[in-house]
2 protein chains.
Amino acid sequence: MSSAVEPQTTPKWIGMAVKRLEDGKFITGKGSFVEDLALEGTLHVALVRSLYAHARITGIDAREALEVPGVLAVYAAADLPGLYAPGSGGRDAKVVQHPVLAQGFVRYVGQPVAAVVATSRQSAQDALQRVYVDYEALEAVCDPLEALQNAVLVHPGLGTNHALRRRTTAGDVEAAFAGAHRVVGARMVQQRVAPTAMEPRGVLAAWDKVQGSLTVWSSTQMPHEVRGSVAEALGLPENRVRAITPDVGGAFGAKINVYPEEILVAYLASRLEKPVKWVESRAESFVATVHGRAQVADLELALDAGGRILGLRGRVVADLGAYILDTTLGNAPGTILMLQGPYEIPAVDLELVSVYTHATPTGAYRGAGRPEATYYLERLVDMAAHELGLDPAELRLKNLIRGPFPYKTLTGAKYDSGAYPEALHKLLELTDYAALRAEQARARQEGRLLGIGLCTYVEITGYGWDTGAVRINPDGSAVVFTGTSPHGQGTGTGFAQIVAERLGVPLERIQIVQGDTLAIPFGMGTAGSRTLSVGGSAILNAAEKVAEKVRRIAAHLLEAAPEDVELGEGGWGVRGTDKAVSLEQVAQAAYNPRKLPPDLEPGLEGQATFNLKEANYPFGAHLALAEIDRETGQVRVLRYVALDDVGVVVNPLLVEGQQQGGVAQGLGQALYEGISYDEVGQNRSASFLEYNLPRADQMVWVEAHRGGTRSPTNPLGVKGIGEAGTIGATPTVVNAVMDALGVKHLDMPLTPEKVWRALRQGQG
Amino acid sequence: MSSAVEPQTTPKWIGMAVKRLEDGKFITGKGSFVEDLALEGTLHVALVRSLYAHARITGIDAREALEVPGVLAVYAAADLPGLYAPGSGGRDAKVVQHPVLAQGFVRYVGQPVAAVVATSRQSAQDALQRVYVDYEALEAVCDPLEALQNAVLVHPGLGTNHALRRRTTAGDVEAAFAGAHRVVGARMVQQRVAPTAMEPRGVLAAWDKVQGSLTVWSSTQMPHEVRGSVAEALGLPENRVRAITPDVGGAFGAKINVYPEEILVAYLASRLEKPVKWVESRAESFVATVHGRAQVADLELALDAGGRILGLRGRVVADLGAYILDTTLGNAPGTILMLQGPYEIPAVDLELVSVYTHATPTGAYRGAGRPEATYYLERLVDMAAHELGLDPAELRLKNLIRGPFPYKTLTGAKYDSGAYPEALHKLLELTDYAALRAEQARARQEGRLLGIGLCTYVEITGYGWDTGAVRINPDGSAVVFTGTSPHGQGTGTGFAQIVAERLGVPLERIQIVQGDTLAIPFGMGTAGSRTLSVGGSAILNAAEKVAEKVRRIAAHLLEAAPEDVELGEGGWGVRGTDKAVSLEQVAQAAYNPRKLPPDLEPGLEGQATFNLKEANYPFGAHLALAEIDRETGQVRVLRYVALDDVGVVVNPLLVEGQQQGGVAQGLGQALYEGISYDEVGQNRSASFLEYNLPRADQMVWVEAHRGGTRSPTNPLGVKGIGEAGTIGATPTVVNAVMDALGVKHLDMPLTPEKVWRALRQGQG
């Protein structure tokens, strides 16, 4: 285990519940989002979007639109050079190019067909109605199981809807199932959901015609990716593209992708040599921003008589939608990777098929493949407990992995560290599980439908590498640069704590710089719960470099040996004496070559990159107590307890914020949310009237607890917390409702109608 | 001598006359200066300035001003906390604080007394007339020799006008003068001149009330100095102040200082929590921006019969004006430092007295002390040649230092490298000096007043340390960061050439970032002709760090040893083979840890600081051929030849630009320019009607030549060129005119009237 952050003394800042330094501006409405940016002479883009899930475009008539006052131009695909949005293809995937405006055919409702450019957003919007697109409607396929049949092809050129097929087998699955005492299985649907960040997407691009360079402000999770994709699409070197993320109002994975609109707006800015802006409306967001989840799994679990899991087999069908964005293909392989969960499973046979459909592309959404895996497995485990007459906690305890770590799974994961049974035991203790079950029994006798849901999970966080820099100004104040690009998480506060801890800079004298490809050497942005373990470790390493120089300068000023100098209460002092200098004094000397040791360069800045060689694996155990209203079928979660172990906790307030928010989002999927398409591929849920995002009074305050099993993968010893709550909550809540209903399985969302119907069926 | 830039092959970019990459935007009027910046809701400041050189303020009545529509507030000193402009004091100098608004007394015409804040600049300007300041006029002293008497005190609290007194003696001066064959001497006045950059000063400050931070855009040479001074004056940590220099339209040293207006505007922005802007008018610039030169010297040179210099003695009185800004005190000591010039002088006794006067503060102006020294010495040498009946070239050749280098002068300089006689010989050869003298003789016979002026000079350039960074993006394009902050010199082009040379990046794929305290770790800005030798060396060292990493990555990709990899025509290849990879391939690998050697951090950026331990000393020889119109006294420079040796030349076009412009500015002082005060301290030359800035048709095209005596002080082998032309031109032109007139000495500017009167006197 790395010991880079092992403190010389008790940690002062790491572990402290510091309030978010970021909150002031947001609470007072002073955030600055793409929508708030105003450049003189900005032109506005509105997009004509497909009304059909599948159609041939037979004509586009923009003449009336061009007469709308303020409208300058209307562009269709034919007016542009071949402009495509980026998309990650796997080595074995069938991928088509993704045009920024539809070429000849439309393949989902909402696909951009034409772009209206006007001097005001209102003019551009008004003109949309006057762009007449003639369509010849074609048969559409939006259901992934139907798409699997290849009766209707989304991309005829590929000859199949199957973009990706993989099979993962290990152990003797045949034998496991042949010799099983019980086999439980079900078809389980992970419905499409919409990420619905508070701030929809938006992009503003300004072309500097003298320099031949472009600045792109985007509501993105990945400014360096925007820079690279825009540069590539427009044929510019990357030094002529600067991407900036102003404040970003949430993203949940959906803003990892670089979308057609970003490429289009950047192109139009360079073509028209004017600032060009597009901000997504809420209605557009429901059809044009990726959807999450969207899988159908047929899975079976084999168990012996004692409740030991013998094997897992089956198929996951992933619905990709019509095109491949950066995160579209990656989710379902992540589901397979994590399907062993925290359990000993000696044999697996898992098939994955990812299919195109005539629907909005899917992509990463909080958890991105892992919530699906956890949901399937935790549902199967509960079904098995029911079949075997075992308590769900007991069945889990029989099967949880006990190490040693690192632990390699049959599905390809390598768990870095864990304490799975301990986590469940702790949860049971925290909730007084036995008493809870007794309370449930009493309630049932009173006719109340109370259910208890459990979940134990392990998930994967962190990837790639990132940069960090710490600069101490001449007056001792600090600026911290990070390649990560948070969108509301408050990670800057955690970064400031790390720097305060290592260097003794007061928090209020630390400024965080993020989201600007000019100010920051490189960054992979914020995704996959990577920010602290990758970005934070880079900052820690940068701070260590600064600390080493501070130590040498302080030693020089104090006429001591560097190895005797340490950071203490009185500043940087000589161990065992009261001789010390302040960081301010060190900084002054650092900028004055006459005061420096002769072998040191002036200045006081450290830069580092941190490459996370192995992912880390948070884990935990959740419990929900839910009650069903017999009259209405409405589910109410009465209590929710989350024990999440994400290793070292830098700031418990920030972590708890993610626990609360994560559980809320999982609960939303379990009970309320879902995108659905009708038989011709119309999105039936493209507004908040139809799409039921949970309100505050539908949520439960999470009793949030944390473990502390250090990760060996990074010097901070941390794992990611951004997605754990969502991963744990969905099966926990569904398990509680099934427990209350006494029903094997219902697909999400567990709407009152669905629950009420199940109740009626159950009662005969 | 350092050999860091010794090329593996013939240099490709260093030495090439690349056209300025910066020119496009300026030529097309697309520069963005402080005046061009528009922030919503900006408030504008106009300043009530003192009408008196010296007075007591007995009352300020702003009631009428506050009634002008748009006026929000009027502030005088009493309304502000104690706000002071920064100013560098020497260890032995008497310095008073410099209030941003006059406190009780005014001490020069133009001193800010009150600030009007309004919603438009027009309103603020209109209201100026309605702020009634009652003054009780007091006696003023604007002449430095009068100020020397201390009869009228500028700062009574100091008890003297003498801010600084120093004496520099070495060798046996008494004996030198006692044994001299001839002593020549004169009182020589270096008149006050106005730097008159095309863009006057300007500052815009915006306060972010949520973050409690300030952004200051200033037309400055030193953004980091602005940051530090504003932070200190406002009591903010430096991480809460960001200073940005947009395009800056010239400065000539005058924008090194952080002025009262910068502190005031920053303060008002923080107090009013609004953007606040002030842009100097041309009229203000003549009274509120520092003046240059402003010295009176009484100096004598002792010579033996053969024309060898035996000693130099006398006194320089420097006129500081009323307050000490950052550069006010430093000029005159620089004059003393450089008074030995390029000559062997065995004994010196030099006194310096810097005095306060009731005049605009003086400060650095192109050359900053060195033009004065060179002027005095070169005038004395010409006087001596005249007295001894020697040709001025001959006298110089008898006395020029022939080494060895480094050569320590009696005045404290340490010349790094030089070839002074060689430079003069070369000049004489280039101009065919003998033929020129013959032509002069013929012309005189024809009644034409032709004069030949010579000058040999050495000057001092470069100081301090600075930062540089070179970042290679994933696509191989580059961004170069410099702590220097040019204001029109085009140094970015030179920096790009250095990076192109070392790394093989095409020029058009290099972007230069400067003038932003956020993007750049630290910088000392641009002053003292330091940019290339200090900033350029930092960039070279940063590029070397990148090159080292490139070499290792290329070796890894090519399966070769790093020491066998070099930059060649085909990219980074294995010496002696045709195996090579492009920088793009290296960059792609650098950002992909899987392609990197395991011991290398991902990313491709190098940062370096360069500390110039010893200054460097450019030198040269100039010649002017001038003709006087007998009827009008008008001087016309017919020919000007400059041989400037500034070591290695990175870009001859850039260097020649500085030679042309520098000579123009020296010629301006010699013939046209001058600020003068009347007997009550009114500035009589505060507009371009009175202040005679030379026009294009008054200039001569300089025949510009360059030496190549490498400097050992930095790895590029360069010296500064920013000031050499100005240093050489003033004495060269005056010597030519005196030669034409046959007069010992006239003070500058050599206006037609002055020359005409001298002609009349000469003709008796």
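Computed quantities for the displayed model
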read-out: Residue selected from the stretch B:468-483 under the condition within 11 Å of chain A (Cβ to nearest Cβ) and among the polar types (S, T, N, Q), by the criterion surrounded by the fewest Cβ atoms within 10 Å (Cβ to Cβ); value: B:SER477
read-out: Matching residues in the stretch B:233-273 - criterion: being within 25 Å of the chain's Cα centre (by Cα), within 14 Å of chain A (Cβ to nearest Cβ) and of a type outside the set (A, V, I, L, M, F, W, C); value: B:ARG242, B:PRO246, B:ASP247
read-out: Neighbours by Cβ (under 6 Å, 6+ apart or cross-chain): first from the stretch B:489-517, within 9 Å of another protein chain (Cβ to nearest Cβ) and outside any strand (DSSP E or B); second open to solvent by 10 Å² or more (accessible area, probe 1.4 Å) and of a type in the set (Lys, Arg); value: B:THR517/B:ARG242
read-out: Matching residues, the stretch A:297-311, being assigned to a strand (DSSP E or B) and either more than 30 Å from A:PRO195 (Cβ to Cβ) or open to solvent by less than 10 Å² (accessible area, probe 1.4 Å) (or both); value: A:ALA297, A:LEU299, A:GLU300, A:LEU301, A:ALA302, A:LEU303, A:ILE309, A:LEU310, A:GLY311
read-out: Test: A:PRO562 is within 14 Å of chain B (Cβ to nearest Cβ) and either more than 27 Å from A:GLY341 (Cα to Cα) or modelled with pLDDT under 95 (or both); value: no
read-out: Residue selected from the stretch B:312-345 under the condition among the charged types (D, E, K, R) and more than 13 Å from B:TYR376 (Cβ to Cβ), by the criterion surrounded by the fewest Cβ atoms within 10 Å (Cβ to Cβ); value: B:GLU344
read-out: Residues located in the stretch A:346-373, provided they are touching a strand residue (DSSP E or B) at 6+ places or on another chain (Cβ under 6 Å) and open to solvent by 10 Å² or more (accessible area, probe 1.4 Å); value: A:ASP349, A:GLU351
read-out: Selection count where residues are closer than 16 Å to A:GLY657 by Cα and either hydrophobic (A, V, I, L, M, F, W, C) or part of a helix (DSSP H, G or I) (or both), scope the stretch A:682-740; value: 13
read-out: Of all residues making up the stretch A:589-621, the number that are within 20 Å of B:ALA469 (Cα to Cα) and polar (S, T, N, Q); value: 3
read-out: Boolean, A:GLY576 is open to solvent by less than 90 Å² (accessible area, probe 1.4 Å) and in contact with a Lys or Arg (Cβ under 9 Å, 6 or more places away or on another chain); value: no
read-out: Checklist (1) modelled with pLDDT under 95; (2) small (Gly, Ala, Ser); (3) assigned to a strand (DSSP E or B) applied to B:GLY89, failing item; value: (3)
read-out: Residue match in the stretch A:683-696 (condition: out of contact with any Phe, Trp or Tyr (no Cβ under 8 Å at 6 or more places or on another chain), of a type in the set (Gly, Ala, Ser) and under 20 Å from A:ILE452 (Cβ atoms)); value: no
read-out: Qualifying position, being under 26 Å from B:ALA368 (Cα atoms), within 14 Å of another protein chain (Cβ to nearest Cβ) and within 37 Å of the chain's Cα centre (by Cα), among B:LYS613, B:LYS545; value: B:LYS613
read-out: Failed item in (1) open to solvent by 30 Å² or more (accessible area, probe 1.4 Å); (2) closer than 30 Å to A:LEU600 by Cβ; (3) out of contact with any Phe, Trp or Tyr (no Cβ under 6 Å at 6 or more places or on another chain), with B:THR632 passing the rest; value: (2)
read-out: Residue within the stretch B:455-467 that is closer than 30 Å to B:VAL348 by Cα, in contact with a helix residue (DSSP H, G or I) (Cβ under 7 Å, 6 or more places away or on another chain) and within 14 Å of another protein chain (Cβ to nearest Cβ) present; value: yes
read-out: Conditions (1) part of a loop (DSSP other than H, G, I, E, B); (2) within 30 Å of B:LEU138 (Cβ to Cβ); (3) at pLDDT 95 or above; (4) open to solvent by less than 70 Å² (accessible area, probe 1.4 Å); number of the one not met by B:VAL74; value: (1)
read-out: Check on A:GLU429, without any contact (Cβ under 8 Å) to a residue 40 or more places away in the chain and either open to solvent by 30 Å² or more (accessible area, probe 1.4 Å) or among the basic types (Lys, Arg) (or both); value: yes
read-out: Some residue of the stretch A:445-454 being within 14 Å of another protein chain (Cβ to nearest Cβ), outside any loop (DSSP other than H, G, I, E, B) and either open to solvent by 30 Å² or more (accessible area, probe 1.4 Å) or modelled with pLDDT of 95 or more (or both); value: no
read-out: Checking B:GLU605 against (1) farther than 19 Å from B:THR374 by Cα; (2) assigned by TED's automatic domain parsing to the domain that holds B:LEU750; (3) surrounded by 21 or more Cβ atoms within 10 Å (Cβ to Cβ), the condition it does not meet; value: (2)
read-out: Residue count for the stretch B:213-269, restricted to those that are assigned to a loop (DSSP other than H, G, I, E, B) and either farther than 27 Å from A:GLU605 by Cα or open to solvent by 10 Å² or more (accessible area, probe 1.4 Å) (or both); value: 17
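The values are calculated or read from the model by the stated rules, or taken from the named source; none is laboratory data. For clarity, every value in this text was computed on a predicted model and none was experimentally measured. Note that we place each Cβ from the backbone using ideal geometry, even for glycine, and neighbour counts take in every protein chain shown. These area figures cover heavy atoms from the full protein model, side chains too; ligands, DNA and RNA do not enter into them. Shrake-Rupley method; radii C 1.70, N 1.55, O 1.52, S 1.80 Å.
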